[in-house]
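See structure below.
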Amino acid sequence: MDISITYLGKTDLKITKIGLGSMPLAINGRPTCEDAMKVIHRTLDLGITLIDTADAYCADENDKNYCEKLIYQALQTYQGSTNINDIIIATKGGLIRPGGAWETDLNPSRLRQAIRQSYESLGGTKPIPLWQLHDSPQDDKYTLKEIFEPICEAVENNLIRYVGVSNFNLEQIKEAQTYIKIHAVQNVFNLFKREAETDGVLKYCEDNQLTFLAYSPMGGRRKHKKLNKDKLLTTLAGKYHCSTYCIVLAWILSKSKCIVPIPGASKITSIEDSIRALNIHLDQEDIQQINDHKFT
């Protein structure tokens with residue numbers, strides 16, 4: 001299988017054109033630790049070198065950093081042929097999980113602590129390859145300049161190598177760039193939510209050589225099941241001899257050279273299916289059909 005490789009932003013870090021989204025391995029309904037590690041090990045066997053995670057991928061605050069620790073443990077126990085030194089872990093901070101809820105907390109002091117905890121959860125011996133601010137400010141409690149102070153400190157102190165942002169709009173990305181070099185933007189992009197094509201974010205990433213990490217490429221837990229019922233997608237799946245999910249990933253990949261989708265997986269079969277999209281090249285006519293089709 002041809003494993004397409006690109007670079008993270010303008011860095012020298014090589015990443016595969018599809019990454020593993022690890023959230024399903026760590027939140028409610030997650031597989032056992034043993035089964036989750038099998039998914040990660042299979043991901044590595046397949047040649048995928050990008051794993052996206054977050055300190056908030058856990059059950060609640062008492063379970064914080066669960067997924068980061070899981071990934072580190074999986075890397076340490078991996079016995080396959082892939083060099084674990086080639087694996088790029090992209091983690092995030094800025095959300096908290098009180099009682100299992102999802103809340104944004106960009107208090108600079110808490111971010112400073114969160115970065116340190118992620119660093120230690122991922123082994124504590126080398127900088128985090130990519131650390132991303134998990135959410136944009138939801139109020140005016142802290143300015144972006146204040147929020148980025150502990151992030152800049154962490155880069156200077158070799159806790160973080162490169163920085164990205166998530167759920168940021170165009171103006172916020174531009175402002176963040178005045179404080180530190182941003183190498184990746186992780187925003188939602190799927191057939192149901194395509195705002196990145198029209199809000200300027202995707203074009204900005206293209207023009208400035210930032211990697212656009214497309215999360216929830218299948219639409220998330222509530223939407224992904226609809227894909228298998230869509231007549232256009234099932235017809236195209238038959239034409240290209242693949243799953244509807246592969247058609248969606250191939251469509252996303254066709255949108256821009258800077259896009260790297262990070263589909264989630266809690267089963268080995270899911271990541272095995274996702275990687276097949278790298279070898280599917282949709283005809284322009286089929287891309288246009290998907291573009292024009294209404295998905296609800």
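The values are calculated or read from the model by the stated rules, or taken from the named source; none is laboratory data. Source: prediction; values computed, not measured. Every residue, glycine as well, gets a Cβ built from its backbone with ideal geometry; the counts of neighbours run over all protein chains shown. What goes into the accessible areas is simple: the full protein's heavy atoms, side chains included, and nothing from ligands, DNA or RNA. Shrake-Rupley method; radii C 1.70, N 1.55, O 1.52, S 1.80 Å.
When you scan segment 113-126, how many residues do you find that are closer than 16 Å to Lys64 by Cβ and surrounded by fewer than 17 Cβ atoms within 10 Å (Cβ to Cβ)?
The first filter runs over segment 113-126 and keeps only residues closer than 16 Å to Lys64 by Cβ, leaving 113-122, 124.
Okay, now just the ones that are also surrounded by fewer than 17 Cβ atoms within 10 Å (Cβ to Cβ), so 113, 116-117, 120, 124.
Residues meeting the conditions: 5.
Given Tyr162, Tyr204, Tyr179, which one is hydroxyl-bearing (Ser, Thr, Tyr) and either assigned to a helix (DSSP H, G or I) or in contact with a Gly (Cβ under 6 Å, 6 or more places away or on another chain) (or both)?
On the way: Tyr162 fails: either assigned to a helix (DSSP H, G or I) or in contact with a Gly (Cβ under 6 Å, 6 or more places away or on another chain) (or both); Tyr179 fails: either assigned to a helix (DSSP H, G or I) or in contact with a Gly (Cβ under 6 Å, 6 or more places away or on another chain) (or both).
Sole residue among the options that is hydroxyl-bearing (Ser, Thr, Tyr) and either assigned to a helix (DSSP H, G or I) or in contact with a Gly (Cβ under 6 Å, 6 or more places away or on another chain) (or both): Tyr204.
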> Does Ser243 fit the bill of being among the polar types (S, T, N, Q) and under 26 Å from Ala184 (Cα atoms)?
Replying inline: no
> In this structure, is Gly21 modelled with pLDDT under 95 and closer than 22 Å to Lys267 by Cβ?
Replying inline: no
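At least 2 residues that are of a type in the set (A, V, I, L, M, F, W, C), in contact with a Pro (Cβ under 7 Å, 6 or more places away or on another chain) and within 27 Å of Lys10 (Cβ to Cβ) in each: list the strands (runs of 3 or more DSSP E) lying fully within segment 33-134 that qualify.
Fully inside segment 33-134 and qualifying: 88-93.
Out of Pro129, Pro31, I need the residue that is open to solvent by less than 40 Å² (accessible area, probe 1.4 Å), closer than 17 Å to Ile262 by Cβ and modelled with pLDDT of 95 or more. Which one? Walk me through how you get there before you give the answer.
Values: Pro31 fails: closer than 17 Å to Ile262 by Cβ.
Only one candidate passes the filter, namely Pro129.
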> Which residues, counting only those in segment 203-221, are under 20 Å from Phe295 (Cα atoms) and open to solvent by less than 40 Å² (accessible area, probe 1.4 Å)?
Replying inline: Ala214, Pro217, Met218, Gly219, Gly220
> Taking segment 148-175, which residues are farther than 23 Å from Arg194 by Cα, surrounded by fewer than 17 Cβ atoms within 10 Å (Cβ to Cβ) and either free of Cβ contacts under 8 Å to residues at least 12 places away in the same chain or touching a strand residue (DSSP E or B) at 6+ places or on another chain (Cβ under 8 Å) (or both)?
Replying inline: Glu156, Asn157
> Hey, any hits in segment 14-25 for a residue that's out of contact with any helix residue (DSSP H, G or I) (no Cβ under 8 Å at 6 or more places or on another chain), without any contact (Cβ under 8 Å) to a residue 60 or more places away in the chain and either in a helix (DSSP H, G or I) or open to solvent by 70 Å² or more (accessible area, probe 1.4 Å) (or both)?
Replying inline: no
> Restricting to segment 76-101, what's the tally of residues that are under 18 Å from Ser266 (Cα atoms) and open to solvent by 20 Å² or more (accessible area, probe 1.4 Å)?
Replying inline: 1
>> Contact list please: Cβ distance under 7 Å, first residue in segment 48-63 and open to solvent by less than 10 Å² (accessible area, probe 1.4 Å), second residue acidic (Asp, Glu), pairs at least six apart or on different chains.
In response: Thr53/Glu68; Asp55/Glu68
>> I'd like the residue in segment 240-267 that is open to solvent by less than 20 Å² (accessible area, probe 1.4 Å) and among the hydroxyl-bearing types (Ser, Thr, Tyr) and, out of all such residues, is nearest to Val201 (Cα to Cα).
In response: Ser256
> Which residues, taken from segment 176-192, are crowded, with 17+ Cβ neighbours inside 10 Å and out of contact with any Cys (no Cβ under 6 Å at 6 or more places or on another chain)?
Replying inline: Ala176, Ile182, His183, Ala184, Gln186, Asn187, Val188, Phe189, Asn190, Leu191, Phe192
>> Can you tell me how many residues within segment 222-239 are open to solvent by 50 Å² or more (accessible area, probe 1.4 Å), in contact (Cβ under 8 Å) with a residue 12 or more places away in the chain, in a helix (DSSP H, G or I) and under 20 Å from Thr269 (Cα atoms)?
In response: 2
> Which is among the aromatic types (Phe, Trp, Tyr), in a loop (DSSP other than H, G, I, E, B), within 16 Å of the chain's Cα centre (by Cα) and farther than 19 Å from Thr16 by Cα, of Phe168, Phe192?
Replying inline: Phe168
>> Please go through segment 110-158 and give me each residue that is closer than 11 Å to Ile180 by Cβ and among the small types (Gly, Ala, Ser), ordered by number.
In response: Ala154
